[in-house]
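Taking it in order: structure first as structure tokens, then the write-up.
The values are calculated or read from the model by the stated rules, or taken from the named source; none is laboratory data. Here the structure is a predicted model, which is why all the values come from computation and not from measurement. Heads up, the Cβs are rebuilt from the backbone with ideal geometry, glycines too, and the neighbour counts pull from every protein chain shown. These area figures cover heavy atoms from the full protein model, side chains too; ligands, DNA and RNA do not enter into them. Shrake-Rupley method; radii C 1.70, N 1.55, O 1.52, S 1.80 Å.
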Amino acid sequence: MARKQASQGTPATAALAAAGVPFVAHPYSHDPSAASYGLEAAEMLGVDPARVFKTLMVDVDGRLAVGVVPVSGNLDLKAMAAALGGKKAAMADPAVAARRTGYVLGGISPLGQRQPSPTVVDASALGLDTILVSGGRRGLDIELSPAELIRLTGAQTARIGTGRD
């Protein structure tokens with residue numbers, strides 16, 4: 001994979017470039033009326049939604065955490081809490097998520113966050129050569145190896161997604 005970050009500069013692409021991790025930037029024309037940012041990315045880029053992962057901020061027993069799951073399904077909050085040794089998880093307030101990560105809703109990347117949080121990547125990513133995650137703004141996804149994403153974010157993997165085919 002080529003490294004492309006010059007015209008796509010975000011904290012996520014800067015983190016990848018600084019770590020020397022190969023990635024491909026996939027910009028697309030974002031439609032502000034799109035119902036789902038992740039499904040929009042999959043459709044606009046012509047990529048199987050099982051390879052496009054969304055980044056979700058969650059509150060697990062009072063601690064913020066990041067869940068990364070395929071856009072073709074949903075986050076299983078109970079499984080997310082269990083993966084982090086917690087009892088209860090709920091979606092984080094969008095304003096809190098934006099402040100914590102430094103990204104706008106729909107553009108939250110698991111990489112280059114202002115304040116990193118414990119991260120769990122759905123185990124389905126391990127069966128794929130590459131996955132796409134938000135590049136740090138609406139209309140930009142980045143494709144990289146799931147192993148590199150896990151390494152750079154210090155993530156663990158668990159079955160936290162629902163609705164897989």
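Going by the conditions given, is Ala15 in contact with a Pro (Cβ under 7 Å, 6 or more places away or on another chain), farther than 15 Å from Thr157 by Cα, part of a helix (DSSP H, G or I) and open to solvent by less than 50 Å² (accessible area, probe 1.4 Å)? Break it down into steps so the answer makes sense when it comes.
Values: in contact with a Pro (Cβ under 7 Å, 6 or more places away or on another chain): no; farther than 15 Å from Thr157 by Cα: yes; part of a helix (DSSP H, G or I): yes; open to solvent by less than 50 Å² (accessible area, probe 1.4 Å): yes.
Considered against the rule, which asks whether it is in contact with a Pro (Cβ under 7 Å, 6 or more places away or on another chain), farther than 15 Å from Thr157 by Cα, part of a helix (DSSP H, G or I) and open to solvent by less than 50 Å² (accessible area, probe 1.4 Å), Ala15 comes out as no.
Criterion first (over 16 Å from Leu64 (Cβ atoms), of a type in the set (Asp, Glu) and within 12 Å of the chain's Cα centre (by Cα)) does Glu143 satisfy it? So Glu143 fits the description; yes.
Of the residues making up the range 87-125, those that are in contact (Cβ under 8 Å) with a residue 12 or more places away in the chain, part of a helix (DSSP H, G or I) and closer than 23 Å to Tyr28 by Cα are Thr101, Ala125. Test Ala82 against the stated conditions and say whether it is within 20 Å of Glu148 (Cβ to Cβ), in contact (Cβ under 8 Å) with a residue 12 or more places away in the chain and of a type in the set (A, V, I, L, M). Spelling it out, it is not the case that Ala82 is within 20 Å of Glu148 (Cβ to Cβ), in contact (Cβ under 8 Å) with a residue 12 or more places away in the chain and of a type in the set (A, V, I, L, M). For the range 107-123, the criterion of being under 18 Å from Gly38 (Cα atoms) and open to solvent by 30 Å² or more (accessible area, probe 1.4 Å) is met by no residue. Within the range 151-165, restricting attention to residues that are buried (at least 20 other Cβ atoms within 10 Å of the Cβ) and among the β-branched types (Val, Ile, Thr), the residue that is nearest to the chain's Cα centre (by Cα) is Thr153. When the range 126-143 is filtered for residues that are open to solvent by 10 Å² or more (accessible area, probe 1.4 Å) and assigned to a loop (DSSP other than H, G, I, E, B), the ones remaining, listed by number, are Leu128, Asp129, Thr130, Arg138.
Residues considered: Ser72, Ser29. Of these, the only one that is farther than 18 Å from Gln115 by Cβ and either out of contact with any Asp or Glu (no Cβ under 8 Å at 6 or more places or on another chain) or of a type in the set (A, V, I, L, M, F, W, C) (or both) is Ser29.
So which residues in the range 48-86 are open to solvent by less than 30 Å² (accessible area, probe 1.4 Å), at pLDDT below 95 and either more than 18 Å from Leu111 (Cα to Cα) or in a helix (DSSP H, G or I) (or both)? Once the filter is applied, which keeps residues that are open to solvent by less than 30 Å² (accessible area, probe 1.4 Å), at pLDDT below 95 and either more than 18 Å from Leu111 (Cα to Cα) or in a helix (DSSP H, G or I) (or both), the range 48-86 yields only Gly73. Could we say that Glu148 is acidic (Asp, Glu), over 16 Å from Val71 (Cβ atoms) and surrounded by fewer than 24 Cβ atoms within 10 Å (Cβ to Cβ) here? So Glu148 fits the description; yes.
Of all residues in the range 25-40, those satisfying the criterion of being surrounded by 14 or more Cβ atoms within 10 Å (Cβ to Cβ) and either in contact with a helix residue (DSSP H, G or I) (Cβ under 8 Å, 6 or more places away or on another chain) or modelled with pLDDT of 90 or more (or both) are Ala25, His26, Pro27, Tyr28, His30, Ala34, Gly38, Leu39.
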